[in-house]
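These notes are about the structure you will find just below.
The values are calculated or read from the model by the stated rules, or taken from the named source; none is laboratory data. What you see is a predicted model, and the numbers here were worked out from it, not measured in a lab. Positions of Cβ are generated from backbone atoms using ideal geometry, with glycine treated the same way; all protein chains shown enter the neighbour counts. These accessible areas exclude ligands, DNA and RNA; they are computed on the full protein's heavy atoms, side chains included. Shrake-Rupley method; radii C 1.70, N 1.55, O 1.52, S 1.80 Å.
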Amino acid sequence: MPSFYNQTRAASSLMRRLKRSLINPTALPRPRCFTTTEGHRPTLVHKRSLDILHDPWFNKGTAFSMTERDRLDLRGLLPPNVMSSEQQIERFMVDLKRLEVQARDGPSDPNALAKWRILNRLHDRNETMYYKVLIANIEEYAPIVYTPTVGLVCQNYSGLFRRPRGMYFSAEDRGEMMSMVYNWPADQVDMIVVTDGSRILGLGDLGVQGIGIAIGKLDLYVAAAGINPQRVLPVMIDVGTNNEKLIKDPLYLGLQQHRLDGDEYIAVIDEFMEAVFTRWPNVIVQFEDFQSKWAFKLLQRYRNTHRMFNDDVQGTAGVAIAGLLGAVRAQGRPMIDFPKQKIVVAGAGSAGIGVVNAARKTMARMLGNNETAFDSAKSQFWVVDANGLITDERQNIDPDALPFARRINEAGRQGLREGAGLAEVVRQVQPDVLLGLSAVGGLFSKEVLEALKGSTSTKPAIFAMSNPTKNAECTPEEAFKIVGDNIIFASGSPFRDVDLGNGRIGHCNQGNNMYLFPGIGLGTLLSGSRIISDGMLQAAAERLAAYMTEEEVLKGMIFPPISKIRDITKEVAAAVVQEAVQEDLAEGYRDIDARELQKICQDQEEVLEYVQNNMWSPEYPTLELRDGFFWQIGIDSDTPIFQSNWGSAHRVHLTEIYVDSQPSPLVCGDFMIPSYNGWDVRKVRQVFTPIDADAILHCSIANRSSDVLIWVIILVAPILLVRVMHG
Ligand SMILES: NC(=O)C1=CN([C@@H]2O[C@H](COP(=O)(O)OP(=O)(O)OC[C@H]3O[C@@H](n4cnc5c(N)ncnc54)[C@H](O)[C@@H]3O)[C@@H](O)[C@H]2O)C=CC1
Ligand SMILES: CC(=O)C(=O)O
Ligand SMILES: [Mg+2]
């Protein structure tokens, strides 16, 4: 819950803005007029926030000064580094001259970036059409808006940046976030994907440029889960970067300082969480691509108090479990044999450790769900990181990896030692599964794959899950060629199936958390669960595993094709809703309360229908012009919102106020309303102090006093005052 201190701070910050609106003549209604900038006379604008950034006449993009950003409610809507117009032109020219950027880690499609640009322009122009195109061609364009191209986009974001999308909270904004969050124009936000840019895919620290991954993930939320695009918010928390190249790049858009660390870092993330959950109490926050050091700590910090999850730790784990269960079925064995699988994992970061933790819990559940089962399950894993096999002999072992450190005596009996290389580990262990989350392209070398031929499994599984494409631990061609045709293969980024000759196909599955995170988010939203429990994540993974038929699995297809992502997401969301109800966490959604949800969840078809009915589809709505002026308190949204269709400050006379649908005896009168389009109840309270704004459901407004009168008061009042004071 927001602390009293922060609420007070938010209130005083809002009051400041309120006062500013009341006394700032530029905010008062007047004809849209502006003067030239000659002679440094200010140009008077009739707009604020995104409306300015989307207006080609007034927009200065990254060149808005900090004071202008404050005055015009732009703070947080642009990357934090203020650029000169010369720098803007330089950035544009550099980008223009390298139209076909092919970075080392880029996708194999040479036109990928050009396609991204075209799609991005459509996204800016017409969201409905953009999502129609994306949904209809998801197989072709997911690799453009998501991995692998999104990696290349993030690497080149400073050059590609055109129109801002999402919000930027930087280390410089400390103490301001609670007020900045109101600069976002949407009254309701369902889904936030936030990153601090510290580990974007397998590309390392990309600083502020990491916003691209948050945008890409939210594209999938809209396309796959049918989250309304007006209710998503990509967020970049810029606490600096440890990427020296970016720190020295004059055209970099983020803070050019080293990353905050320790308590200072946590304070920034805390402030962000408090701000977004204060404005949108029902929002769900997905943490994305935080370096492992913080991924686990932040997850532990917020997971029992906030609606949040970490996609790299928890989403990836769920997808891997579904894949691992699929691999057991593909061997012609029942899923209950999973605890017998020997699994070698290369990579002990947020993703690798997330997977082994979840796989261990799944095994333990199958073995009787008790302490002994949990303890014995860990012996099925061999974890190898940059320093080789992790054993309890390792100095300064990472606490998150500690439970999986092999006992050195036992390792010795297997012919292994502390720091043993991957090939050696595979040779000795003869695993059923070799899983890569190392971000090291080609790590599954010929030697490692040769060693896997000794696997005791009838159908060994190779999961080269690192992204983007160039970071895959091996390609499907290498895997099928070296290990043989009788394998299961999955990769994090998409590859083509392999032609094995004689009409046989070596199936390449895409093992990516995109099969889970949209359903986890949607299921949480529609259940109204206050947290995202382990059980909800497990239910999501199991539903994904069960999605594939026996026939498909035996052919080596353990994940669905991406063309089915909307359908699988619906299934996953339904499983999440049902589990939330089962665990008594569900509080309902909109007009469906917990009890009704419980009834719905008794019938599988009904819960699927409930999910389907709440998925947004890209269709043009019929628009009608609503002339004049109206105010209302939204009752169809979770937070009552006081809305006006008039984007500027104005004086109004309230004539009717309804409380609980009854005309209220409260005294109505004249009020000066500042220029906010969407107010939540806290703001309303500050203006209408005698009114319990929570209870107002509707109020209508008659006549506004003329602008001329306001100007007369503003200009004449001080003169009169001086006269009175001087007798
Ligand atoms: N397919 C999917 O859905 C997902 C894939 N990933 C990918 O997983 C990769 C890793 O992500 P994080 O765990 O967050 O990164 P991280 O940087 O925290 O962890 C990387 C780990 O790999 C280890 N490593 C480095 N060199 C190695 C080597 N030669 N042999 C064995 N291990 C080595 C490091 O010691 C570290 O433990 C990234 O490429 C990311 O894109 C992450 C999440 C989801
Ligand atoms: C897929 C994903 O989340 C990652 O590579 O980080
Ligand atoms: Mg990620």
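Computed quantities for the displayed model
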item: Scan of the range 471-498 for residues that are within 16 Å of ligand 3 (Cβ to nearest atom) and open to solvent by 20 Å² or more (accessible area, probe 1.4 Å), ordered by number; result: PRO494
item: Residues of the range 291-339 satisfying the condition of being farther than 30 Å from ASP263 by Cα and among the charged types (D, E, K, R); result: ARG329, ARG333, ASP337
item: Any hit, the range 541-559, residues being under 20 Å from GLU583 (Cβ atoms), within 21 Å of the chain's Cα centre (by Cα) and among the small types (Gly, Ala, Ser); result: yes
item: Search result, residues across the range 196-228 that are open to solvent by 20 Å² or more (accessible area, probe 1.4 Å) and either more than 13 Å from ligand 2 (Cβ to nearest atom) or closer than 22 Å to ALA186 by Cβ (or both); result: ASP205, ILE215, ASN228
item: Members of the range 128-154 that are more than 18 Å from the chain's Cα centre (by Cα) and either of a type in the set (Val, Ile, Thr) or open to solvent by 50 Å² or more (accessible area, probe 1.4 Å) (or both); result: THR128, MET129, LYS132, VAL133, ILE135, ALA136, ASN137, ILE138, GLU139, GLU140
item: Flag if ARG165 is within 18 Å of the chain's Cα centre (by Cα), open to solvent by 30 Å² or more (accessible area, probe 1.4 Å) and more than 25 Å from LEU74 (Cα to Cα); result: no
item: Within the range 296-347, tally of residues that are out of contact with any Gly (no Cβ under 8 Å at 6 or more places or on another chain) and either open to solvent by 30 Å² or more (accessible area, probe 1.4 Å) or away from ligand 3 (no atom under 16 Å from the Cβ) (or both); result: 31
item: Residue pairs meeting the criteria (Cβ under 7 Å; at least 6 apart or on separate chains; first within 24 Å of CYS474 (Cβ to Cβ) and modelled with pLDDT of 95 or more, in the range 407-424; second within 16 Å of ligand 1 (Cβ to nearest atom) and among the small types (Gly, Ala, Ser)); result: GLY419/GLY388; ALA420/GLY388; GLY421/GLY388; LEU422/ALA346; ALA423/ALA451
item: Test for ALA171: is it aliphatic (A, V, I, L, M) and away from ligand 1 (no atom under 16 Å from the Cβ); result: yes
item: Residues within the range 259-317 that are within 16 Å of ligand 2 (Cβ to nearest atom) and of a type in the set (Phe, Trp, Tyr), tallied; result: 5
item: Members of the range 480-501 that are aromatic (Phe, Trp, Tyr) and closer than 21 Å to GLU447 by Cβ; result: PHE480, PHE489
item: Pairs where the first residue, in the range 197-218, is at positive phi and within 13 Å of ligand 3 (Cβ to nearest atom) and the second is at pLDDT 95 or above and open to solvent by 10 Å² or more (accessible area, probe 1.4 Å), C-beta under 6 Å, 6+ apart; result: GLY197/LEU206; LEU201/ASN467
item: Single match in ALA364, ALA330 (criterion: of a type in the set (A, V, I, L, M, F, W, C), away from ligand 2 (no atom under 16 Å from the Cβ) and in contact with a Lys or Arg (Cβ under 6 Å, 6 or more places away or on another chain)); result: ALA330
item: Residue ID - farthest from ligand 1 (Cβ to nearest atom), chosen from residues in the range 499-513 that are closer than 21 Å to ASP432 by Cβ and open to solvent by less than 20 Å² (accessible area, probe 1.4 Å); result: GLY506
item: Residues of the range 544-590 that turn out to be on the phi < 0 side of the Ramachandran plot, not in a helix (DSSP H, G or I) and not acidic (Asp, Glu), as a count; result: 11
item: Failed item, numbered, when ALA214 is tested on (1) closer than 29 Å to VAL82 by Cβ; (2) more than 16 Å from ligand 1 (Cβ to nearest atom); result: (2)
